[in-house]
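The structure appears below as structure tokens.
The values are calculated or read from the model by the stated rules, or taken from the named source; none is laboratory data. Just so it is clear, the structure is predicted and the values come from calculations on it, not from any experiment. Here the Cβ is made from the backbone with ideal geometry for all residues, glycine too, and neighbour counts use every protein chain on show. To get the accessible areas, we keep the full protein, side chains included, count just its heavy atoms, and leave off ligands, DNA and RNA. Shrake-Rupley method; radii C 1.70, N 1.55, O 1.52, S 1.80 Å.
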Amino acid sequence: MEQPHEQIAERFRRIMPSVGFCSLRIVRERSESLAVRQDVLQPVSNGDDLGVMVTVIHQGGCGYAGTSDLTEAGLRRALEHAREWAQRSAACSVTDFSQVGFAHPQDEYETPVAIAWEAVSLADKIALLQQESARLKTDERIVDWEASLWHTQSDTLSITNGDAHIRQCCSYIVPMLSVTANAGTETHTRTFGGRGYCRQGGLEVLDQTGFYEAAPRLSTEAVQLLSAPDCPAGRMDVLLAPDQMMLQIHESIGHPLELDRILGDERNYAGTSFVRPDMFGTYQYGSELLNITFDPSRPEQYASYQFDDDGQPAQKEYLIRNGRLLRGLGGVVSQARLGLPGVANARATTWNRPTIDRMANLNLEPGQSAFSSMVGAIERGVYMKTNCSWSIDDSRNKFQFGCEWGQLIEDGKLTTVVKKPNYRGVSATFWRNLARVGNLDSYEVLGTPFCGKGEPNQVIRVGHAAPACVFSDVEVFGGEQE
Amino acid sequence: MQEYFYQLADFIIGHLTGEEQALCNFAAEDSDFVRFNHSAIRQAGTVAQRSLAVELVVGQRHAAGDISLCGDFGVDSQRARSLLDRLRAELPYLPEDPYLLHATEVQSSEHHGENRLPEERGMIVDAVLQAGQGRDLVGFYAAGGIHAGFANSSGQRNWFSTYTYSVDWSFYLSGDKAVKTADAGFMWNPHVFEHKVDTADQQLAALSRPAKTITPGRYRVYLAPSAVSEIMELLNWGGFGLKEQQTKQTPLIRMTQEGAELHPAVTLIENTRAGVAPNFQEDGFRKPDQVRLITHGRRADCLVSPRSAKEYGVATNGASSWEAAESIEMAAGELTQDKLLTQLDTGIYINNLWYLNYSDRAACRMTGMTRFATFWVENGEIQAPLNVMRFDESLYRMLGTNLVGITAERDYMLDPNTYHARSTGSSRLPGLLIDDFTLTL
């Protein structure tokens, strides 16, 4: 671990004011993005972003200041700003922040990495992408194709005036393949799970996620969709692959369970929630097959960590067990405001944003059903893979999602490939129609780099692991009829 | 700040050797952010951020990187030097880029926005808190300077700075029933703000009536400019760029491939001259004052980045690499506000749409939700607030066969988005009266 963080921390300790609570979060993120599109290397970009977030709680108010000026004068200015905002808001805050019990732990966390990003030369990584790009172009109807890798190394040190010292270093890999086929006005794109196969780790992630085997399958499927019939309309069963389950969990369980939404913080932007505080402990969110966990402890998953950005120790918790709602997604501030248990999920995008309640890893625990048995039990339905369209109301209830690829299930067998599969429903009832949950054979560890929320806006990494699942009596439909 | 950036750029350019060329892009902001909930402050703070992006070019090879800046020249110049060395070390491993295109004609420019924001940073915050008294206010205030610069080794220098504020807030009645309002600009005017507060308050009163739930079906609707902006935002996701058109991924593929048209009253332009975004882009090209995207219902020009220009053999029009409009404008129509409800007659008055996405991209069919103040109207009079409904409708119907009218008045809206940094996007949009708008859930 490099020393500049400690030097900045020491600089800060020298000027730390006498206030109720004060913290410094130092974040450095180094990133590299490589992409080969149509066999041509795209502009290579590197990032090296370093800055700090100062938080002050004083007289019950809370203020923050983010700055990339890491000189002592810069840190001093940031402290002054944060203290000024704390004072200014002391008499008109949503809560008395001095009553929030922040922890002051000392610990370290580092992503386990088998093949470090730097261990493979730039030339070899480009050659790898060239190879995968070429493998995507299998047909003259393929009009666009791209293979890419995005690596980020984050290094965070958080200290407080209570002697907290938390160092967390994480390595993130986002592998991506995309292939687009066209005939006339018919265009279809297949991707490597959107960017869903993002993981923590090193380049071993490519083996773990099947990156090397995906290209021929994706290009075949893109071309196949050009001549596929439209997805039928009607009420039927749907079997959702993990790379659609990911989105379903994210939008209609993750966001509604965020305590800051329930508190109303997001009502002007990301929205509110149909979940009310009195529903925790009693509300039947889904069928008894539904088990949802907040799990920051899977080392390979995208949003794993040992402490959240408010310094709270993170551990696995059941949010929904056997379909019953138990606990929400809220950090120490939201827990204090609501008087409800939560999890360690107060997180910030990077140094220039304050912490808010985020999802981190939100997983649907595997069940008992083999994939073949789930297909076999469906008389009429559609198997849908890979999300490509998502929309849900501001209370996180009425949703409509679309997938890249669909296949009919008729009399227990996968049959005709169909294009433009869409379905819609209402969160509050949809999960009660969860009829089967796949076992570990269909279970996949996925996530997304792009979950947006907050004012000021923040986009953050989240993880979602899930097996394939069956939902009964769902409203399904296809594309525009001429 | 401008001088500091130019000094850093000169430092980098001074360390180039042989045939090396460099492009430098600078971005900075000093922002106050205050978040409100239940008429109190949820989070308040300040962000000061500066970053420098450097692209090193030798022939057709190039590599780029960006670093954050602390403001101390000794530290920043060393970090810039390290970045330059790293890019130099990478270049031999990179193949020649057939689509590399940078500005070679020197087109320097300067735009210095005047800082007319209140000196007392709490003034607007206090006004918002005051407006929240006796009401349930939730919202967000952002204000401060935004700066951008470009410099290259050919001697081109561009500078842009602006100072804006934005108050984006909602008055909540109960549940999801709320009125959303925005007040943004360059100079705070308490009277304008108070007028907007009063107007929102009046709409809030209308929301207090028992809410109506309607069944899915086709309805005559009025989309206010803020709702239209959501449609434009989605259309802007791949709808106007050359790359998406050439790779057949544009949602307007039926216009480009089959000559499909929108209503002849529909004209869309990227109006850089009237916007607040910089008029130069990261490769050093200047943007024209206007690019016509749709003219009288017909697809017109694309936004063309330098890279697409080289790839597809056309001229660039200074679009950024993502080829999206930043200052979109829709031509006004003839519907006047005072006759709007009469014209709507019986139907739905929609102030805001929310969370749009394509449900069939090739057909430009969009889905999304109504949000905030949406009203059921009968015989030209507001009857009741409407519970949220999902729509699923094609652009070719919304802005084509089913378009009844476009308002004469247009709203100028500054983009309140703050992902990574405060946006300099803007739009000038009218309201739309549409028949047979499809609601599905």
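Some observations on this one:
- Residue that is farthest from A:Val459 (Cα to Cα) [pool: residues in region A:356-384 that are in a loop (DSSP other than H, G, I, E, B) and in contact with a helix residue (DSSP H, G or I) (Cβ under 8 Å, 6 or more places away or on another chain)]: A:Ala370
Condition check ((1) of a type outside the set (D, E, K, R); (2) surrounded by fewer than 20 Cβ atoms within 10 Å (Cβ to Cβ); (3) in the same structural domain as B:Asn152 (by TED's automatic domain parsing)) across all residues:
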residue: B:Asp32; (1), (2), (3): no, no, yes
residue: B:Ala40; (1), (2), (3): yes, yes, yes
residue: B:Arg79; (1), (2), (3): no, yes, yes
residue: B:Pro95; (1), (2), (3): yes, yes, yes
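- Any chance B:Arg121 is without any contact (Cβ under 8 Å) to a residue 60 or more places away in the chain, open to solvent by 30 Å² or more (accessible area, probe 1.4 Å) and within 10 Å of another protein chain (Cβ to nearest Cβ): no
- Criterion violated by B:Ile67 - all others in (1) facing chain A (nearest Cβ under 7 Å); (2) over 28 Å from B:Thr162 (Cβ atoms); (3) not acidic (Asp, Glu) satisfied: (2)
- Residue list for region B:1-30, restricted to those being open to solvent by less than 20 Å² (accessible area, probe 1.4 Å), in a helix (DSSP H, G or I) and not aromatic (Phe, Trp, Tyr): B:Leu8, B:Ala9, B:Ile12
- Checklist (1) more than 7 Å from every other protein chain (Cβ to nearest Cβ); (2) touching a strand residue (DSSP E or B) at 6+ places or on another chain (Cβ under 8 Å); (3) not hydrophobic (A, V, I, L, M, F, W, C) applied to B:Arg50, failing item: (1)
- Flag for A:Phe294 being in contact with a Gly (Cβ under 8 Å, 6 or more places away or on another chain) and over 30 Å from B:Met366 (Cα atoms): no
- For the residues B:Leu137, B:Leu129, the requirement of being farther than 20 Å from B:Phe186 by Cα, within 14 Å of chain A (Cβ to nearest Cβ), open to solvent by less than 10 Å² (accessible area, probe 1.4 Å) and in contact (Cβ under 8 Å) with a residue 12 or more places away in the chain singles out B:Leu137.
- Residue that is farthest from the other protein chains (Cβ to nearest Cβ) [pool: residues in region B:163-185 that are among the polar types (S, T, N, Q) and open to solvent by 10 Å² or more (accessible area, probe 1.4 Å)]: B:Thr164
- B:His420 passes every criterion in (1) at positive phi; (2) of a type outside the set (A, V, I, L, M, F, W, C); (3) surrounded by 23 or more Cβ atoms within 10 Å (Cβ to Cβ) apart from (3).
- Per-region count, region A:385-430, residues away from every other protein chain (no Cβ under 14 Å) and either among the charged types (D, E, K, R) or out of contact with any helix residue (DSSP H, G or I) (no Cβ under 7 Å at 6 or more places or on another chain) (or both): 8
- Residue in region A:51-60 that is modelled with pLDDT of 95 or more, open to solvent by 50 Å² or more (accessible area, probe 1.4 Å) and touching an Asp or Glu at 6+ places or on another chain (Cβ under 7 Å) present: no
- Answer from A:Ala78, A:Ala82 - the residue that is in contact with a Phe, Trp or Tyr (Cβ under 8 Å, 6 or more places away or on another chain), open to solvent by less than 40 Å² (accessible area, probe 1.4 Å), at the interface with another protein chain (Cβ under 10 Å from one of its Cβ atoms) and in a helix (DSSP H, G or I): A:Ala82
- Counted as qualifying within region A:97-204 are the strands (runs of 3 or more DSSP E) with 2 or more residues that are closer than 30 Å to A:Gly63 by Cβ and away from chain B (no Cβ under 14 Å), namely A:106-110, A:142-160, A:165-183.
- Across region A:179-207, the qualifying residues are those that are of a type in the set (Gly, Ala, Ser) and under 20 Å from the mean Cα position of the chain (by Cα), and the one among them that is most open to solvent (accessible area, probe 1.4 Å) is A:Gly194.
Let's see how each residue does on (1) within 23 Å of B:Asp392 (Cα to Cα); (2) surrounded by fewer than 22 Cβ atoms within 10 Å (Cβ to Cβ):
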site	(1), (2)
B:Arg209	no, yes
B:Thr213	yes, yes
B:Arg218	yes, yes
B:Leu223	yes, no
B:Val228	yes, no
B:Glu233	yes, yes
B:Trp237	yes, yes
B:Pro251	yes, no
B:Arg254	yes, yes
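- Among the numbered conditions (1) touching an Asp or Glu at 6+ places or on another chain (Cβ under 6 Å); (2) crowded, with 24+ Cβ neighbours inside 10 Å, the only one that A:Glu404 does not meet is (1).
- Residue list for region A:56-68, filter: under 24 Å from A:Gln153 (Cα atoms) and in contact with a helix residue (DSSP H, G or I) (Cβ under 7 Å, 6 or more places away or on another chain): A:Ala65, A:Thr67
- Scanning region A:33-50 for residues that are open to solvent by less than 40 Å² (accessible area, probe 1.4 Å) and more than 9 Å from chain B (Cβ to nearest Cβ) gives A:Leu34, A:Ala35, A:Val36, A:Arg37.
- For A:Phe211, the criteria (1) over 23 Å from the mean Cα position of the chain (by Cα); (2) buried (at least 20 other Cβ atoms within 10 Å of the Cβ); (3) touching a residue at least 60 places away in the same chain (Cβ under 8 Å) hold in every case but one, which is (1).
- Lone unmet requirement of (1) within 14 Å of another protein chain (Cβ to nearest Cβ); (2) farther than 15 Å from A:Glu258 by Cβ for A:Val375: (1)
- Filter result for B:Asn379 (out of contact with any strand residue (DSSP E or B) (no Cβ under 8 Å at 6 or more places or on another chain), open to solvent by 30 Å² or more (accessible area, probe 1.4 Å) and farther than 30 Å from B:Glu258 by Cβ): yes
- Test: residue in region A:86-93 that is outside any helix (DSSP H, G or I), open to solvent by less than 40 Å² (accessible area, probe 1.4 Å), within 13 Å of chain B (Cβ to nearest Cβ) and of a type in the set (Gly, Ala, Ser): yes
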